[in-house]
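Worksheet: the structure to be examined is printed underneath.
The values are calculated or read from the model by the stated rules, or taken from the named source; none is laboratory data. What you are looking at is a predicted structure, and each value in this text was computed from that prediction instead of being measured. Every residue, glycine among them, receives a Cβ derived from its backbone with ideal geometry; neighbour counts consider all protein chains shown.
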Amino acid sequence: MRKAGGTRAKTDRIDAELIARFFAFRPEAGRSLPAEKIRLLRALASKRAQPVGMRKRLLAQIRAHQKLGRAAMFEVVDTALKHRIDSLIKELEDLITRAIASDHRLSETVIVPRSIPGIGPVASTMLIPEMPEIGTITGEEAAAVTGLAPVAHDSGTLRGKRAIAGGRRAIRHVMFQAALVAAHHNTSLKSFANRLRKAGKLHKVIITAVARKLVTIANALCKSRQK
């Protein structure tokens, strides 16, 4: 916004003016502070993302060692490291579960997406801190918030194409994992995925579409408070 206005300098006064202009344009932005329990859950979810990223990189290294025939050389270290990371992730997930269990409304909310075949305990508990507005917005807004809504490109290198963009990365990754399960074990979404597959759609496109449907279904059920 600063650069678009032709200002290159960055000072407290300039920043304050830009913030004031933004709120004049978007008066509803930032007016409500999330509840304390939601802020706690967000902090726990953010902390959980760190060891999850570490585990992802470690597994990639293990696969690389296997391809190069060096797996035996690092097996003891890799096994111990993976066990420690798994333990940390489990501890944080237990903290998230206990935090939700201590709040009656959150407990009632989390069991709704958990009832959808494909959405497991991790995905259902992550939905709450990462998407606290679930059930109060439209399906289109839910897809946009998670970055799963297709965005049209009428100019530039992606001209004529539609691709997902923006949104909350953490919950999008969780929903991708849930979509992989749902595409095989959720009867209606399995049929949906098969239709896309027969139509020649790429695997990534199919999983993205399934993830988008999972989010919109979860949002609709949370709005009606139905399993």
Exercise. If you check GLU130 against the conditions, is it assigned by TED's automatic domain parsing to the domain that holds VAL205 and under 21 Å from GLU36 (Cα atoms)?
Worked result: yes
Exercise. If you take just the helices (runs of 4 or more DSSP H) that sit entirely in segment 28-125, which of them hold at least 2 residues that are farther than 21 Å from VAL215 by Cβ, in contact with a Lys or Arg (Cβ under 8 Å, 6 or more places away or on another chain) and touching a residue at least 40 places away in the same chain (Cβ under 8 Å)?
Worked result: 71-101
Seminar exercise, completed: From the option list ARG169, ARG195, ARG225, single residue qualifying as among the basic types (Lys, Arg), modelled with pLDDT of 90 or more and out of contact with any strand residue (DSSP E or B) (no Cβ under 9 Å at 6 or more places or on another chain) is ARG195
